[in-house]
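S.K.: Below are the structure tokens for one structure; questions will follow.
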Amino acid sequence: MHMEKVTKGITSFQLKLLGIVLMVFDHLGQFFGFLGAPVWFHWLGRLVAPIFLFTSSEGFIYTSNRKKYLLRLLYGFWLMGIGNIIANKFFMNENEVLINNIFGTLFLGVLYMWFIDGIRKNWKLKQPLKVVGGFILCIVPIVLSFAVLLLMDGMDSKASLIIFRMFTFLVPLPILSEGGPLFILLAVLFYLFHGKKSGQLISLAVIAVISFISGTGNPFTENYQWMMCLAAVPIILYNGEKGRGMRNFFYYFYPAHIYLFCLIAYFIQH
């Protein structure tokens, strides 16, 4: 008689599935607040970004083709950029802007993982010029971010908005990405502390504290990003296994449910 092996903890697939369920609650709160969606929907949603930033670091380490992995995220960013432009033009109310696009944040996080991986390898190979080149590559997106902000500062509001939307929807930059530099930093820290849960959890806690300190307002009704620290629970339970596949499902579900909610909310109000 053969007995099936019982694996403790949760797989990467199960972790992503949990992230999707929590994401749905968060976006229900985002799009249907006018119907009375409770604020605790957003509390649940604070766990989503850390979960997917964590799984992106695992994906970078274990993928058989890092270039394709990075390109999939970039393609997702571009497609959502186009989708957001259409949604903002035809299906958003006045003074509302749809900028959801975590693909840009994930892309930049993975890009920096790649840069750092190159720096590490070239350091071991004693290739100082390539090490310096790696550091320069790390700085370029940051410099571009500040250049765009300076460009916007010297324009009128209409021109500034055009530049903002162009880079928000078409070119992933750290300062303009969803979650900003802190989320990108968290993804990189998850990568740097791969295999060291204590380091990953401390990184999560530090970013959560910084988010709380830099925010304003009531910590339960406005400034609740600190609740991202609760993602420590599923991360602790992660057992290092991939689990089921369905990779494309996660790429498709994210934009699909956002645009579905956007359309439903729009037509309810019109």
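S.K.: Between 81, 199, 133, find the one with the highest GNM mean-square fluctuation for the chain; connect C-alpha pairs within less than 10 Å.
M.R.: Checking each option, the largest mean-square fluctuation is seen for 133.
S.K.: What FRET efficiency do you get for residue 236 and residue 264 if R0 is 51 Å and r is their Cβ-Cβ distance, rounded to the nearest 0.05?
M.R.: 0.90
S.K.: Past 25 Å, Cα to Cα: identify those pairs from 67/158; 68/121; 8/197; 8/242, in the order given.
M.R.: 67/158
S.K.: What does the charge count around residue 167 come to, taking other residues whose C-beta lies under 15 Å from its C-beta (Lys +1, Arg +1, Asp -1, Glu -1)?
M.R.: -1
S.K.: By Kyte-Doolittle mean hydropathy of at least 0.0 and Cα axial length of at least 27 Å, which whole DSSP H helices of the chain are selected?
M.R.: Within the chain the helices that satisfy the rule are 12-31, 66-90, 102-124, 128-153, 247-269.
S.K.: For a quick check: with amide H placed at 1.01 Å from N, whose amide H comes under 5 Å from residue 238's, ignoring anything fewer than 5 positions away on the same chain?
M.R.: The answer is 10.
S.K.: Now, a different point. Residue 10: net charge of surrounding residues, Cβ under 14 Å, Lys/Arg +1, Asp/Glu -1, itself excluded?
M.R.: Counting the neighbours of residue 10, the net charge comes to +3.
S.K.: Tell me, what are the semi-axes, in whole angstrom and largest first, of the equivalent ellipsoid of the range 1-150 as set by the roots of 5 times the Cα gyration tensor eigenvalues?
M.R.: Semi-axes from the Cα gyration tensor: 33, 27, 13 Å.
S.K.: Note down the magnitude of the dipole of the chain about its Cα centre, charges +1 on Lys and Arg C-beta and -1 on Asp and Glu C-beta and zero elsewhere, to the nearest 20 debye.
M.R.: The calculation lands at about 1320 debye.
S.K.: Another one. Give the accessible area for residue 121 in Å² (nearest 10); use a 1.4 Å probe, count only protein heavy atoms, and leave out ligands, DNA and RNA.
M.R.: 110
S.K.: On to the next question. Work out, step by step, the length gained on full extension between residue 209 and residue 247: first 0.36 nm times the residue separation, then minus their alpha carbon distance; give nm to one decimal.
M.R.: 10.5 nm
S.K.: Build a GNM of the chain with springs between Cα atoms under 10 Å: which of 11, 105, 63 gets the top mean-square fluctuation?
M.R.: 63
S.K.: Over the chain, what portion of Cα pair distances is larger than 26 Å, expressed as a whole percent?
M.R.: The proportion of pairs with Cα distances above 26 Å equals 46 percent.
S.K.: Can you tell me the accessible area per residue over the range 1-81, all protein chains present, probe 1.4 angstrom, in square angstrom?
M.R.: 54
S.K.: Tell me the per residue accessible area of the range 176-270 using a 1.4 Å probe; a whole number in Å² is fine.
M.R.: So the range 176-270 comes to 54 Å² accessible per residue, rounded to a whole number.
S.K.: May I pose another question? Once Rh for the range 150-248 is found with the Kirkwood sum over Cα pairs, what is the Stokes-Einstein diffusion coefficient at 37 °C and 0.692 mPa s, in µm²/s?
M.R.: Translational diffusion coefficient: 203 µm²/s.
S.K.: Moving to a separate point now. When the solvent-accessible surface of protein heavy atoms is calculated with a 1.4 angstrom probe, in what order do 258, 268 fall, highest first?
M.R.: 268, 258
S.K.: A further question on this structure: Add -39500 (n - 2.57) for each DSSP H run of 4 or more in the chain, then divide by its residues: what number comes out at 222 nm, to the nearest 500 deg cm²/dmol?
M.R.: The helix-only estimate for the chain comes to -23500 deg cm²/dmol at 222 nm.
S.K.: Roughly speaking, to the nearest percent, how much of the chain's 1.4 Å accessible area is carbon and sulfur?
M.R.: C and S fraction of accessible area: 70 percent.
S.K.: Where is the GNM fluctuation largest for the chain (alpha-carbon springs, 10 angstrom cutoff): 96, 58, 178?
M.R.: Highest fluctuation of the listed residues: 96.
The values are calculated or read from the model by the stated rules, or taken from the named source; none is laboratory data. Treat the numbers as computed from the prediction; the structure is a model and nothing was measured. Here the Cβ is made from the backbone with ideal geometry for all residues, glycine too, and neighbour counts use every protein chain on show. Keep in mind that these areas ignore ligands, DNA and RNA; they rest on the heavy atoms of the full protein, side chains included. Shrake-Rupley method; radii C 1.70, N 1.55, O 1.52, S 1.80 Å.
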